[in-house]
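Engineer: There's a structure below that I have some questions on.
The values are calculated or read from the model by the stated rules, or taken from the named source; none is laboratory data. Small disclaimer: the values here were computed from a predicted structure and weren't measured. Every residue, glycine among them, receives a Cβ derived from its backbone with ideal geometry; neighbour counts consider all protein chains shown. Keep in mind that these areas ignore ligands, DNA and RNA; they rest on the heavy atoms of the full protein, side chains included. Shrake-Rupley method; radii C 1.70, N 1.55, O 1.52, S 1.80 Å.
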Amino acid sequence: MTRVLGVHGVRNYKAADTTHTLGGARLKADWLAALGEAGQRLDLAHAYYADLLRAERQNGELTEDELALVGAWAEAWGVELDGVQGRATGWLRWVCGRVAELTQERPAVVEKTVRLFFPEVTRYFTTGRATVRERVKAALLRHRPEIVVAHSLGSVVVYEALHDLADELEVRLLLTLGSPLALPNAVFHRLDPAPVEGRGARPACVGRWVNIADTGDFVAIPKGELARVFSGVEELPDISIAPLWPHSVADYLRHAAVREVIVP
C-alpha cells in the first residue's frame, strides 16, 4: 500500500479532539470516506494541528492583523483599496462584495471564505508557526510518506516543514489542493525559507510537486501564479469541485483529477 500523509487546512478543530491523535484519526476517516474505493489502496495517516490555531475569542470579529491580510488578498484579486479610509464597520463586507463582483460569485460565499481562512492564517504566522511546524514535521518523520497531500493552509505548513526536513526524507509526490502559497504579501512574502529573487522552490526532498485548484477557489490565488513563482511545480488545469463552496477538501478528494494523481 502507498503511504500517504494528509495535512488539513483551516477550521478543522472539534471539541471531541481531546488529543491530536484523536483529531488525526477523525480526519483520516473523513478523507478515506471522500476518496472512496481509491482510499482502500492507501496507508493514510493525518497530521493534525488544528488545536494549536483555534481561536479563543467568540465574537467572530476580525482583528486588525487579520483585516490587513484580507486587504492584501483583495488587492491580489484586483480590488483598488486606495482612498478607502480605515477598516470601520462594513469595510469587510464592502471588500467581499467587490471580489464577488469581479468573480461573479455570491457575496455571502466570499465573506464566508474570508472569515474562515484569514484568522488561522494570521495566527500561524504571528504565534503558531513553530509549534504547528514541529507537529507536522513529527508526523512526516513518523509516517515517512511516499505522498503528501496538503490542503489550503496545510500546504503552507508542509512547504516549510519539508524544507526543514530536506536531508531526512524522500517524498515521491507533494500534492497541494486549494493552496494560497502564491498569495503576495499575505502568504508568499512571509514564507520560511523566504523566496529568493521573487521565487520559491520545490523542497529538495520532493520528487514531484503537483498543484490543483478549483476555478472558483478564493484561497488559491492569484490564479495560475503558483507555478510562475515557485520552481518545480506542475500546475494542472483548474477543475470545478463544487459551485456553492469551492474550497472543501472533501470535494477536492472526490474529484477524479485529484484521485488520479494520488492513485493512478
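Engineer: Could you give the C-alpha radius of gyration of the chain expressed as a fraction of 2.2 N^0.38 Å, taking N as the number of residues it contains?
Structural biologist: That ratio works out to 0.96.
Engineer: Right, next: Does region 130-203 classify as rounded, prolate or oblate by the C-alpha gyration tensor (a ≥ b ≥ c root eigenvalues; a/c under 1.5 gives rounded; else a/b over b/c gives prolate, otherwise oblate)?
Structural biologist: It is prolate, given that a/c is not under 1.5 and a/b is the larger ratio.
Engineer: Compare the Cα positions of Leu175, Val219, Gly97 along the charge dipole of region 88-234 (+1 at Cβ of Lys, Arg; -1 at Cβ of Asp, Glu; about the Cα centre) and return the one farthest towards the positive end.
Structural biologist: Gly97
Engineer: Here's something else I'd like to know. Would you calculate a helix-derived [θ] at 222 nm for the chain, using -39,500 (n - 2.57) for each DSSP H run of n ≥ 4 and dividing by the full residue count, to the nearest 500?
Structural biologist: Numbers: 9 runs with 103 residues, N = 264.
Helix contribution divided over all residues of the chain: -12000 deg cm²/dmol.
Engineer: Would you mind getting me the FRET efficiency between Glu75 and Thr131? Use the beta-carbon distance for r and R0 = 35 Å, nearest 0.05.
Structural biologist: 0.70
Engineer: Another question about this same structure. In Å², what does the accessible area per residue of the chain work out to with a 1.4 Å probe? Display every interim value, and only then the final one.
Structural biologist: On the way: 11830 Å² over 264 residues.
Accessible surface, normalised per residue, equals 45 Å².
Engineer: May I pose another question? Would you work out the relative contact order for region 164-233, in percent, from Cα pairs under 8 angstrom that are 6 or more residues apart? Intermediate values should be presented prior to the final figure.
Structural biologist: On the way: 97 pairs, mean separation 30.9, N = 70.
Relative contact order comes out at 44 percent.
Engineer: Tell me the label-point distance for the pair Leu141, Ala166, using the 7 Å Cα-to-Cβ offset, in nm and rounded to one decimal.
Structural biologist: Computed distance between label sites Leu141 and Ala166 equals 1.8 nm.
Engineer: Which value in Å does the Kirkwood hydrodynamic radius of region 45-169 take, with 1/r averaged over all unlike C-alpha pairs and then inverted? It would help to have the intermediate numbers written out before the result.
Structural biologist: Working: mean 1/r = 0.0612 Å⁻¹.
Taking the inverse mean of 1/r over all distinct Cα pairs, region 45-169 comes out at 16.3 Å.
Engineer: While we're looking at this one, here's another question. Run the quick spin-label model on Glu260 and Ala33: label points 7 Å from Cα toward the beta carbon, then report their separation in nm to one decimal.
Structural biologist: Computed distance between label sites Glu260 and Ala33 equals 2.7 nm.
Engineer: Also, I was wondering about something else. Where a ≥ b ≥ c are the square roots of the eigenvalues of the C-alpha gyration tensor, would you call region 181-264 rounded, which needs a/c under 1.5, or, failing that, prolate if a/b is larger than b/c, or oblate?
Structural biologist: Oblate, since a/c reaches 1.5 and b/c is not below a/b.
Engineer: Roughly how many percent of the accessible protein surface of region 121-264 is carbon and sulfur, given a 1.4 Å probe and a whole-percent answer?
Structural biologist: Carbon and sulfur: 52 percent of the exposed surface of region 121-264.
Engineer: Between Asp43 and Arg93, what FRET efficiency comes out of the Förster formula 1/(1 + (r/R0)^6) with R0 = 51 Å and r the beta carbon distance, rounded to 0.05? Mind showing how you got there, number by number?
Structural biologist: Numbers: r = 45 Å, r/R0 = 0.89.
Once rounded, the FRET efficiency stands at 0.65.
Engineer: Please get the size of the charge dipole for region 11-156, origin at its Cα centre, with Cβ charges of +1 on Lys and Arg and -1 on Asp and Glu, quoted in debye to the nearest 20. Provide the component values of the computation, followed by the final result.
Structural biologist: Numbers: 20 positive and 19 negative charges, 113 e Å.
I would put it at about 540 debye.
Engineer: For region 220-264, just run the numbers: alpha carbon Rg, then divide by 2.2 N^0.38 Å, N being how many residues it has. The partial results should precede the final answer.
Structural biologist: Working: Rg = 11.7 Å, N = 45, 2.2 N^0.38 = 9.3 Å.
Compared with the compact-globule rule of thumb, region 220-264 sits at 1.25.
Engineer: Report the relative contact order of region 133-264, percent, no decimals, based on alpha-carbon pairs under 8 angstrom and at least 6 residues apart.
Structural biologist: Answer for region 133-264 is 23 percent.
Engineer: Tell me, what is the percent relative contact order of the chain, built from C-alpha pairs under 8 Å that lie six or more residues apart?
Structural biologist: Relative contact order, the chain: 21 percent.
Engineer: Apply 1/(1 + (r/R0)^6) to the Cβ-Cβ distance of Ala201 and Thr19, taking R0 = 30 Å, and write down the FRET efficiency to the nearest 0.05.
Structural biologist: Using R0 = 30 Å, I get an efficiency of 0.30.
Engineer: Here's another thing I want to ask about it. Roughly how many debye, to the nearest 20, is the charge dipole of the chain about its Cα centre, given +1 on each Lys and Arg Cβ, -1 on each Asp and Glu Cβ, and no other charges?
Structural biologist: About 600 debye.
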